[in-house]
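Below is one structure, written out as structure tokens, with a few remarks after it.
The values are calculated or read from the model by the stated rules, or taken from the named source; none is laboratory data. Predicted, not measured: the structure shown is a model, and the values here were computed from it. Every residue, glycine as well, gets a Cβ built from its backbone with ideal geometry; the counts of neighbours run over all protein chains shown. Calculation scope for accessible area: heavy atoms of the full protein, side chains included, ligands and nucleic acids excluded. Shrake-Rupley method; radii C 1.70, N 1.55, O 1.52, S 1.80 Å.
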Amino acid sequence: LIDKQSKYTVVANWKMHGSFDMCDSFANKLSTVCNSDSFTKIETVIAPPFLYLDSIGKKLAHLSIKFAGQDCHFAKSGAYTSDISADMLAELGCKYVILGHCERRKHYGETNKTICKKAESAILAGLVPIICIGEKCIKRAFEELKEQCKSCIPKNAEKIIIAYEPVYAIGTGIVPSQGEIKKAAEFIKSNVNQNAQVIYGGSVNEGNCKQIAQINGIQGLLVGSASIKPQSFSKIVTEVIESLG
Ligand code: PGA
């Protein structure tokens, strides 16, 4: 069973962007934006490259911001040069790990089966997996989503976030209509669990986040390119808080 989540979760996926300077600017900006009472209405998560997790985590330790890895290996440890395990992320203080992002699927050939194994290992390590699914082909959308729901979401997961990210919407400026996103969220829930927390990702920015935040059934945002500028990401966070009332 997947717990009913009341929180709205906004995730910054920096992808392979960042520097220690960027961590500083982010920490400074978020320290001023995220310290009011209204900030507790949402959960803000930052997923920088592994290298910066410790630095930004320490700088923002005084706030209730959470952190995520952008991937993990399915093994606890072993001869997997360059990989990071879920236990390592947990030891560093991460709460989440993003898994199955379409860029991982495309560039590293990740399959639904591998993603499921990674998610199981993340859960064992005490992390909450944010599992990305989404159709490549608009015409076969529900077929693809159904297969992903069936094969990359571990059975009996207690806590999980499903990020609905249609592949054609990532980094393109194309966002499906509110109705389409709502329909996809309903479809995902009917295939996984009615109480699953479904968040949306794909070209979310300062201009459209408010509208997306109001879609019934969507309980969070996964923000890519608009999350790497402290100014834009803070604006998204404040807009979402405002729109949730
Ligand atoms: P985007 O990326 O916001 O740049 O479209 C989203 C994502 O890849 O998670």
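Quick notes
- Residue that is farthest from residue 167 (Cα to Cα), among those in segment 217-227 that are touching a strand residue (DSSP E or B) at 6+ places or on another chain (Cβ under 8 Å) and either near the ligand (Cβ under 10 Å from one of its atoms) or of a type in the set (Ser, Thr, Tyr) (or both): 227
- Residue that is nearest to residue 11 (Cα to Cα) [pool: residues in segment 72-93 that are touching a Lys or Arg at 6+ places or on another chain (Cβ under 8 Å) and either within 16 Å of the ligand (Cβ to nearest atom) or assigned to a loop (DSSP other than H, G, I, E, B) (or both)]: 72
- 3 or more residues open to solvent by less than 50 Å² (accessible area, probe 1.4 Å) and more than 14 Å from the ligand (Cβ to nearest atom): qualifying helices (runs of 4 or more DSSP H) within segment 101-185: 112-124, 141-152
- Applying the criterion of being assigned to a helix (DSSP H, G or I) and in contact with a Phe, Trp or Tyr (Cβ under 9 Å, 6 or more places away or on another chain) to the residues of segment 192-216, the residue that is farthest from the ligand (Cβ to nearest atom) is 213.
- Which listed residue, of 64, 38, 25, is open to solvent by 30 Å² or more (accessible area, probe 1.4 Å), farther than 25 Å from residue 154 by Cα and not in a helix (DSSP H, G or I): 64
- Matching residues, segment 196-216, being of a type outside the set (Lys, Arg) and open to solvent by 30 Å² or more (accessible area, probe 1.4 Å): 205, 206, 207, 211, 214, 216
- Single unsatisfied condition, residue 55 versus (1) polar (S, T, N, Q); (2) within 16 Å of the ligand (Cβ to nearest atom); (3) over 25 Å from residue 183 (Cα atoms): (2)
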